[in-house]
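K.L.:
Handing you a structure now.
The values are calculated or read from the model by the stated rules, or taken from the named source; none is laboratory data. Since we're looking at a predicted model, the values are computed, not measured. FYI the Cβ positions are ideal-geometry reconstructions off the backbone, even for glycines, and counts take in every protein chain you see. Ligands, DNA and RNA are stripped out before the accessible areas are found, and what is left, the full protein with its side chains, is counted by its heavy atoms. Shrake-Rupley method; radii C 1.70, N 1.55, O 1.52, S 1.80 Å.
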Amino acid sequence: MQQQLTAFLDAIRTERQLSRHTHDGYQRDLTRFHAWLQQRDLNHWCDVDSSLVRQYIAAIHRKGLQGRSIQRALSAIRSFYHFLIREQQCENNPALDIPAPKTQKKLPKTLDVDQLGQLLESTDDGWHQIRDQAMFELIYSSGLRLSELVALELDSIDRQAAMVRVVGKGNKQRDLPVGRKALDALAQWLKVRSSCGVAEERALFVSQRGERISHRSVQLRLKQWAIAHGSPTHVHPHMLRHSFASHILESSGDLRAVQELLGHADISTTQIYTHLDFQHLAKVYDQAHPRAKKGKG
């Protein structure tokens, strides 16, 4: 069994050219599965049936392995048996059509409207602060991904039409509205930017060296900005995007529009915000409905 396992791991490293991280993950998953089978006195891979694979999945789930990790383990087992069948060492793949336990989706953290208002207040007119406020206002105004913000060019913004053109996942382009506060912040930034000697750089947001700002710099600047503004929680760029989506859905109830604004290919990705919206509605209900309030004592 060990020889066949080693042959498979060698094959995926040379033939499929998987990353070292993926290769090591497969090795850990299959080594764990092998050890579990040996504890049950199983000495041939071909003796494993779907019932045994289901028992194994149930066992590692009971030990606390989460859905995503179990999905990877199943993928490793399926790939291994696909290899054994190809090499004519087994006839069946016992891991086919066995689902992993569903992973509970974590609700994204958001800021409420008052928290956003406090966060986006400008208290300084220095070069970095003017740029940072324009970046953060634009992320929240248009629901941008960090990668979309960093990739913006000078001609991505149409201030007259109050629109920004972004290139999202899958190289898909979409036009998004830009709010008044973000337009004002951008106008202030463009005044400062033009005096920074970066005429050759077409990126909208640049570093002090005159180069396109990096993802890491935006993250660090927002973290520092939030601390300076007394934010009670760790704030990151995606939290501004989540807040944008939650606030738009809360006000409009139009899930399809939020999907378009966020650039989600599948509306099921957007539906997580309906849970956030429900939490808000439930809170309002609990506070407002006379028969919902918990009695004292």
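K.L.:
Answer yes or no: is there a residue in segment 213-221 that is over 18 Å from the mean Cα position of the chain (by Cα), crowded, with 20+ Cβ neighbours inside 10 Å and at pLDDT 90 or above.
P.N.:
Among the residues of segment 213-221, at least one is over 18 Å from the mean Cα position of the chain (by Cα), crowded, with 20+ Cβ neighbours inside 10 Å and at pLDDT 90 or above, which makes the answer yes.
K.L.:
Kindly check whether there is at least one residue in segment 165-188 that is free of Cβ contacts under 8 Å to residues at least 40 places away in the same chain, within 30 Å of S69 (Cα to Cα) and not charged (D, E, K, R).
P.N.:
There is at least one residue in segment 165-188 that is free of Cβ contacts under 8 Å to residues at least 40 places away in the same chain, within 30 Å of S69 (Cα to Cα) and not charged (D, E, K, R).
K.L.:
Let me ask you something else. So the check is Cβ under 8 Å with 6+ separation or different chains; which pairs have a first residue in segment 60-88 that's free of Cβ contacts under 8 Å to residues at least 12 places away in the same chain and a second one that's of a type outside the set (G, A, S) and assigned to a loop (DSSP other than H, G, I, E, B)?
P.N.:
Going by the 8 Å Cβ cut-off, the qualifying pairs are H82/N93; I85/E91; I85/N92; I85/N93.
Residue-by-condition table, conditions (1) in a loop (DSSP other than H, G, I, E, B); (2) open to solvent by 50 Å² or more (accessible area, probe 1.4 Å); (3) without any contact (Cβ under 8 Å) to a residue 12 or more places away in the chain:
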| position | (1), (2), (3) |
| --- | --- |
| R16 | yes, yes, yes |
| Q27 | no, yes, no |
| T31 | no, yes, no |
| A58 | no, no, yes |
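K.L.:
Another question, then. Write out, first by first residue and then by second, each pair whose Cβ atoms fall under 6 Å of each other, whose residues are 6+ apart or on separate chains, and whose first residue, in segment 251-267, is touching a residue at least 40 places away in the same chain (Cβ under 8 Å) while the second is part of a loop (DSSP other than H, G, I, E, B).
P.N.:
Between residues of segment 251-267 that are touching a residue at least 40 places away in the same chain (Cβ under 8 Å) and residues that are part of a loop (DSSP other than H, G, I, E, B), the close pairs are L261/G143; L262/G143; G263/G168.
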